[in-house]
Amino acid sequence: MNATYNDLKEKVILITGASRGIGKQIAKSLASQGAHIVFNYRSNEAAALELKEELLKDGASHVSALSFDVTDYEKMKSEIDAFSKEHTISGLINNAGISKDQLAMKVKPSDIDDILNVNLKGAMNLTNILSRSFLRAKDVSIINISSVVGLMGNLSQTTYAASKAGMIGYSKSLAKELASRKVRVNVICPGFIQTQMTDELSDKVKEEYQKLIPLGDFGATEDVANLCSFLMSGASKYITGEVIKVDGGLYI
Ligand code: NDP
């Protein structure tokens, strides 16, 4: 079931990591409600063009593809600055993320750099780059995709959990900084959502998780996308600084 909000037609929304999984579904759901979708891609231009076509078919009013990696500050800034000369971004969804699961004793310093650079610093840098223009835009909504693991911790995910917990502190602080300008900042913490990232887990781990989920099943990407639509829309205009779980009750 898809939620629909008419005011999304007026929004220009940037989604990172839309090539697959949760990010792709968020882009498709917002496209189907007539938003102007902006997404980034790292190197695969052909795949980006395909995604552009798909989102236009879904109903997007416009689709723009920007070429940057969230860990490359200078390239990201120049792409955003060039785009912002023509358009005013009024929605941002920091979704790009990676995980490299490993017991703490085996984690290498380079793994810590890689995970923090994408999940935390990438999202912070992109948001900070956009924050000046957000002060001039109308009804801005920022959503940071964290994880339930950032709230409850998890074996073999010390670095990933730290990056996702960091996003929560960043978002709450930014929500306070920008509230007087009606810029809202919220966090979504998905639980176990079926995507390529979770397909990589062993069957044993998946079975163990399933037993822990009160609603009894893994989530679908649509479950996260529906909440994004709500938080992007005016229907949530009095909600900021919130951390909302989409986890089937995994962390009650
Ligand atoms: P996927 O691995 O399926 O997709 C990750 C996306 O992030 C891809 O589009 C990838 O692009 C992009 N990405 C990775 N690194 C970079 C980078 N350096 N610069 C720009 N883009 C990058 O992940 P999911 O859809 O499963 O997860 C999406 C988000 O949700 C992540 O932040 C994840 O931590 C979070 N999450 C997911 C859960 C789940 O159960 N699936 C649970 C809780 C949170 P590319 O195609 O170029 O690699």
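The values are calculated or read from the model by the stated rules, or taken from the named source; none is laboratory data. The shown structure was predicted, so the numbers you read here are calculated from the model rather than taken from an experiment. FYI the Cβ positions are ideal-geometry reconstructions off the backbone, even for glycines, and counts take in every protein chain you see.
See the values below:
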read-out: Residue satisfying condition, being buried (at least 16 other Cβ atoms within 10 Å of the Cβ) and within 14 Å of the ligand (Cβ to nearest atom), within set Asp58, Asp69; value: Asp69
read-out: Sole exception among (1) under 18 Å from the mean Cα position of the chain (by Cα); (2) buried (at least 19 other Cβ atoms within 10 Å of the Cβ) for Asp114, by number; value: (2)
read-out: Qualifying positions in segment 47-75 - out of contact with any helix residue (DSSP H, G or I) (no Cβ under 6 Å at 6 or more places or on another chain) and either touching a residue at least 24 places away in the same chain (Cβ under 8 Å) or hydrophobic (A, V, I, L, M, F, W, C) (or both); value: Ala47, Ala48, Leu49, Leu51, Glu54, Leu56, Ser61, His62, Ser64, Ser67, Asp69
read-out: Some residue of segment 175-190 being of a type in the set (S, T, N, Q), at pLDDT below 95 and in a helix (DSSP H, G or I); value: no
read-out: Odd one out for Asn186 among (1) within 12 Å of the ligand (Cβ to nearest atom); (2) surrounded by 15 or more Cβ atoms within 10 Å (Cβ to Cβ); value: (1)
read-out: Failed item, numbered, when Phe230 is tested on (1) free of Cβ contacts under 8 Å to residues at least 12 places away in the same chain; (2) part of a helix (DSSP H, G or I); value: (1)
read-out: Every residue from segment 122-147 that is within 13 Å of the ligand (Cβ to nearest atom) and buried (at least 21 other Cβ atoms within 10 Å of the Cβ); value: Gly122, Ala123, Leu126, Ile143, Asn144, Ile145, Ser146, Ser147
read-out: Residue satisfying condition, being more than 24 Å from Arg184 (Cα to Cα) and of a type in the set (D, E, K, R), within set Asp114, Asp81; value: Asp114
read-out: Near pairs, Cβ below 9 angstrom, 6+ apart or cross-chain, from segment 3-22 (closer than 17 Å to Ile143 by Cβ and at pLDDT 95 or above) to any residue that is among the basic types (Lys, Arg) and part of a helix (DSSP H, G or I); value: Ile15/Lys24; Gly17/Lys24; Ala18/Lys24; Ala18/Lys28
